[in-house]
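S.K.: One structure, pasted below without further comment.
The values are calculated or read from the model by the stated rules, or taken from the named source; none is laboratory data. If you're wondering where the values come from, they're calculated on a predicted model, not measured in any experiment. Cβ atoms come from the backbone with ideal geometry, glycine included; neighbour counts cover every protein chain shown. Side chains included, ligands, DNA and RNA excluded: accessible areas come from the protein's heavy atoms. Shrake-Rupley method; radii C 1.70, N 1.55, O 1.52, S 1.80 Å.
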Amino acid sequence: MKHSVTTPLQPFRSLSGALEVQMVPVWQDNLVWLILPQDSDDAWAVDGPEAAPVLEACAALGRRLCGVLNTHTHRDHIGINLDLERQGMLSEMRVIGSTTPKEPIPGQTRAVDDGDTLLIGGVEGRVLRTEGHQDGHLSFLFEDLLFCGDTLFTGGCGYLFDGPPARMFESLMRLADLPGHTKVCCAHEYTQDNLRFAWMVEPENEALAERIRRVWDLRSRGACAVPSTLDEERATNPFLRPGSPCIMREVARRLPEADLSTYAAIFAATRALKDRKDHRELSDADLPLHG
Ligand code: ZN
Ligand code: FE
């Protein structure tokens with residue numbers, strides 16, 4: 001299966017420089033994040049559909065995979081645990097995941113919950129419970145690096161498999177409250193589909209038009225539009241913008257029966273509208289690609 005990212009990002013550092021991050025594209029659109037502390041040869045993987053590409057990336061970097069952080073238990077996130085188990089390597093790993101995972105996390109050595117901290121490369125990371133996509137879903141924050149799994153995506157958010165919408169909305173609002181320079185290291189490259197929908201509901205947003213031009217240029221070269229920053233997300237992600245009069249108007253027009261009485265309700269209706277996939281009818285000619 002060919003990945004939609006053919007030119008992976010160069011490694012980058014966290015704010016203090018103590019952590020390096022390497023993106024590993026796996027399957028078609030999954031993004032595995034390797035956290036590389038600068039004070040050791042360790043590597044930590046955040047999620048992963050399978051182990052082989054992650055182990056290869058570690059070998060190329062001269063690193064030893066020492067642990068996995070699992071945001072949630074969908075197969076494309078714990079497949080790496082299962083592979084490591086099959087290869088007899090899981091017992092050597094530290095495996096960190098939720099105190100209340102939806103399914104058991106293979107090899108879990110530590111259970112964490114909202115407010116807990118974990119130390120990697122001398123950096124204290126923070127655990128946030130961000131449910132809505134799946135019960136037990138966690139996000140991990142290390143300095144300016146946010147590993148948010150399938151909760152917040154660049155330009156969008158995850159499906160509400162477990163919901164309810166109000167819980168997802170609360171999770172997203174907590175993430176949106178983090179500092180604007182925070183990097184959104186989500187688990188999939190879905191940016192173009194997400195921004196196509198964003199443009200359908202907010203065609204008056206100049207920052208969105210500018211972002212669409214930038215992202216289409218990147219993606220046309222096989223480059224990745226992940227990570228974004230929270231500043232960008234707050235300015236252009238429709239799921240973080242329930243107060244936008246334009247979004248409210250568009251959602252009301254397309255879903256006349258929807259309850260739009262609260263921000264959480266607007267979020268729920270906006271998510272339901274995206275699930276209808278009307279935005280896939282929008283062609284590139286409908287997008288502001290030549291501003
Ligand atoms: Zn998922
Ligand atoms: Fe996923």
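S.K.: What is segment 73-130 by shape, rounded, prolate or oblate, if you read a ≥ b ≥ c off the alpha carbon gyration tensor as root eigenvalues and call it rounded for a/c under 1.5, prolate for a/b larger than b/c, and oblate otherwise?
M.R.: On the way: a/c = 2.38, a/b = 1.40, b/c = 1.70.
Oblate, since a/c reaches 1.5 and b/c is not below a/b.
S.K.: Further, regarding this structure: What is the distance in Å between the Cα centroid of segment 119-139 and that of segment 197-219?
M.R.: Between the Cα centre of segment 119-139 and that of segment 197-219, the gap is 29 Å.
S.K.: Only Cα pairs within less than 10 Å get springs; with that Gaussian network setup on the chain, which residue of Ala18, Ala265, Ala59 has the largest fluctuation?
M.R.: Ala59
S.K.: Translational diffusion coefficient of the chain at 10 °C, 1.306 mPa s, Stokes-Einstein with Kirkwood Rh over Cα pairs, in µm²/s as a whole number. Provide the component values of the computation, followed by the final result.
M.R.: Numbers: Rh = 19.3 Å.
Stokes-Einstein gives a translational diffusion coefficient of 82 µm²/s.
S.K.: Now for a separate question. Pop a pseudo-label 7 angstrom from the Cα along the beta-carbon direction at both Ala18 and Arg221 and give the gap in nm to one decimal.
M.R.: In this crude label model, Ala18 to Arg221 measures out at 3.3 nm.
S.K.: Could I ask something else about it? Determine the shape class of segment 178-252: with a ≥ b ≥ c the square roots of the Cα gyration tensor eigenvalues, call it rounded for a/c under 1.5, and otherwise prolate if a/b is greater than b/c, oblate otherwise.
M.R.: Details: a/c = 2.01, a/b = 1.36, b/c = 1.48.
Oblate, because a/c is 1.5 or more while a/b does not exceed b/c.
S.K.: What is the sum of charges around Gly136, taking Lys and Arg as +1, Asp and Glu as -1, for the other residues whose C-beta is under 10 Å from the C-beta of Gly136? Display every interim value, and only then the final one.
M.R.: On the way: positive: Lys102, Arg129; negative: Glu103, Asp113, Glu131, Asp135, Asp162.
Summing Lys and Arg as +1 and Asp and Glu as -1 gives -3.
S.K.: Pick from Asp76, Asp177, Asp150: which is most flexible by mean-square fluctuation in a GNM of the chain where alpha carbon atoms under 10 Å apart are linked?
M.R.: Maximum fluctuation in the GNM of the chain, among the listed residues, is at Asp177.
S.K.: Can you spot the lysines whose alpha carbon is less than 27 Å from Lys2's alpha carbon? Ignore those fewer than 8 places along the same chain.
M.R.: Of all the lysines, those that pass the test against Lys2 - Cα under 27 Å, at least 8 places apart if same chain - are Lys183, Lys274, Lys277.
S.K.: Still on this structure, please answer the following. Just the accessible area per residue of segment 12-286, please: how many Å² with a 1.4 Å probe?
M.R.: Details: 10620 Å² over 275 residues.
Result: 39 Å² per residue.
S.K.: Same structure again: Given H placed 1.01 Å from N in the peptide plane, which residues other than close sequence neighbours of Gly67 have an amide H under 5 Å from its amide H?
M.R.: Ala43, Ala45, Arg94
S.K.: Of Ile120, Pro104, Pro238, whose Cα points farthest to the positive end of the dipole of the chain (charges on the beta-carbon: +1 Lys, Arg; -1 Asp, Glu; origin at the Cα centre)?
M.R.: Pro238
S.K.: Counting Lys +1, Arg +1, Asp -1, Glu -1, what net charge surrounds Pro49 among other residues with beta carbon under 11 Å of its beta carbon? Please report the intermediate quantities before stating the final value.
M.R.: On the way: positive: Arg75; negative: Asp29, Asp47, Glu50, Asp76, Asp83.
The answer is -4.
S.K.: Between Arg249 and Gln87, 0.36 nm times their residue separation minus their Cα-Cα distance comes to what? The partial results should precede the final answer.
M.R.: Details: separation 162, 0.36 × 162 = 58.32 nm, distance 5.36 nm.
In short, 53.0 nm is gained.
S.K.: Which residue fluctuates most in the GNM of the chain (Cα springs below 10 Å): Gly156, Gly67, Gly115?
M.R.: Answer for the Gaussian network model of the chain: Gly115.
S.K.: Please report, largest first and rounded to whole Å, the three semi-axes of the ellipsoid equivalent to segment 1-102, where each semi-axis is the square root of five times an eigenvalue of the C-alpha gyration tensor. Before the final figure, lay out the partial values.
M.R.: Details: eigenvalues 77, 60, 37 Å².
Three semi-axes, in Å: 20, 17, 14.
S.K.: Separate question: For a quick check of your reading of the filter: which GluC sites (Glu not before Pro) in segment 199-273 sit in a DSSP loop and have no more than 10 other Cβ atoms within 10 Å? Before the final figure, lay out each step's value.
M.R.: Numbers: sites: Glu204, Glu206, Glu210, Glu232, Glu233, Glu250, Glu257; in loops: Glu204, Glu257.
Here the sparse-neighbourhood loop sites are Glu257.
S.K.: What does the charge count near Ser171 come to, summing +1 for each Lys or Arg and -1 for each Asp or Glu among other residues with Cβ under 9 Å from its Cβ?
M.R.: Details: positive: Arg129, Arg167, Arg174; negative: Glu131, Glu170.
Net local charge, Ser171 excluded: +1.
S.K.: Work out the length of the dipole vector of segment 1-124 about its Cα centre, built from +1 on the beta-carbon of each Lys and Arg and -1 on the beta-carbon of each Asp and Glu, and round it to the nearest 20 debye.
M.R.: Rounded to the nearest 20 debye, it is 220 debye.
S.K.: So what does the Cα-only Debye profile of segment 107-260 read at q = 0.11, 0.13, 0.19 Å⁻¹, as log10 I(q)/I(0), no solvent term?
M.R.: So the normalised log intensities are -0.45, -0.62, -1.21.
S.K.: What is the Cα centroid distance between segment 238-262 and segment 1-64, reported in whole angstrom?
M.R.: Distance between centres, Cα-based: 38 Å.
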